[in-house]
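The values are calculated or read from the model by the stated rules, or taken from the named source; none is laboratory data. Everything numeric in this text was worked out from a predicted model, so none of it was measured. Using ideal geometry, Cβ is built from the backbone for each residue, glycine included, and neighbour counts are taken over all protein chains shown.
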Amino acid sequence: MGKTVSGSDMPCPSHHPDEGLVMDYATGAACEAGSLILASHMTLCPRCRSLAEACDVVGGSLLAEIEPEPVSKRCLLAVLAGIGDRRGAASDPARPRPPADIVLPAPLRNHLGTDLNGVAWRRVMPGIEEAHVPTCGGRFKGRLMRIAAGVAVPRHTHDGVEMTLVLAGGFSDEHGRYYRGDLSVSGPEIDHAPVVDADGECVCFVATDGPMKLTGPVARLFSRFIRF
Ligand SMILES: [Zn+2]
């Protein structure tokens, strides 16, 4: 393979979230981890960014046509407080601005307050490390994963949805090849064993709303030691 890890000359990603997920993001219905991974994808994907902007325009014009309803002061204050939370803490000015970095997209970098070098990795198994991405609850949980060149992730499926955004390097599974900016969305119907490309490590941002379920021949052995 051999695509570059990052840079402004990167081609548009090939794998995208479906329109429902983009709409959830644009309308503020996505949780914090869901918003973070979608916002990170959109910084690398002009196509989905345009779609989200179109949703904003449509939503805005629909709101403009709705007859105003009187609301209580308490309701108004709750709405105003929620506006500040939209799309997570990516725009929180209180968070320290990290140095320029080319691996973590700006929404994720701003949320973590660090670039990739400041991430505290935890070894999951040989060749696979992960780091929790803290969020304030919500449907999805986020984590960064760093997988060494050539390593195969144990075959697995998911109890819920797993969204995987490639940030560096690449991997492939039975359903395609994924590079920086590509977003893989897998549900319970997907049983796969991703393999990282042989020429470099792969860094991904993963958001899941259910546990991974190992399904391969050594699943029982691994599941005693691995908690993804
Ligand atoms: Zn996209």
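Tabulated data
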| read-out | value |
| --- | --- |
| Verdict on Val161 being crowded, with 21+ Cβ neighbours inside 10 Å and aliphatic (A, V, I, L, M) | no |
| Count - residues of the range 131-140 that are more than 16 Å from Thr114 (Cβ to Cβ) and either touching a helix residue (DSSP H, G or I) at 6+ places or on another chain (Cβ under 7 Å) or part of a strand (DSSP E or B) (or both) | 4 |
| Pairs, first under 17 Å from Arg109 (Cβ atoms) in the range 34-60, second among the aromatic types (Phe, Trp, Tyr) and within 13 Å of the ligand (Cβ to nearest atom), C-beta under 9 Å, six or more apart | Ser35/Tyr25; Leu38/Tyr25; Ala39/Tyr25; Met42/Tyr25 |
| Subset tally (residues that are in contact with a Phe, Trp or Tyr (Cβ under 8 Å, 6 or more places away or on another chain) and within 17 Å of Lys141 (Cα to Cα)) for the range 183-203 | 1 |
| Residue check for Gly187: touching a Ser or Thr at 6+ places or on another chain (Cβ under 7 Å), surrounded by fewer than 19 Cβ atoms within 10 Å (Cβ to Cβ) and more than 13 Å from Ser14 (Cα to Cα) | no |
| In the range 25-44, the residues that are within 14 Å of the ligand (Cβ to nearest atom), under 21 Å from Cys136 (Cα atoms) and not aromatic (Phe, Trp, Tyr) | Ala26, Ile37, Leu38, Ala39, Ser40, His41 |
| Test for Leu36: is it in a helix (DSSP H, G or I) and either on the phi > 0 side of the Ramachandran plot or at pLDDT below 65 (or both) | no |
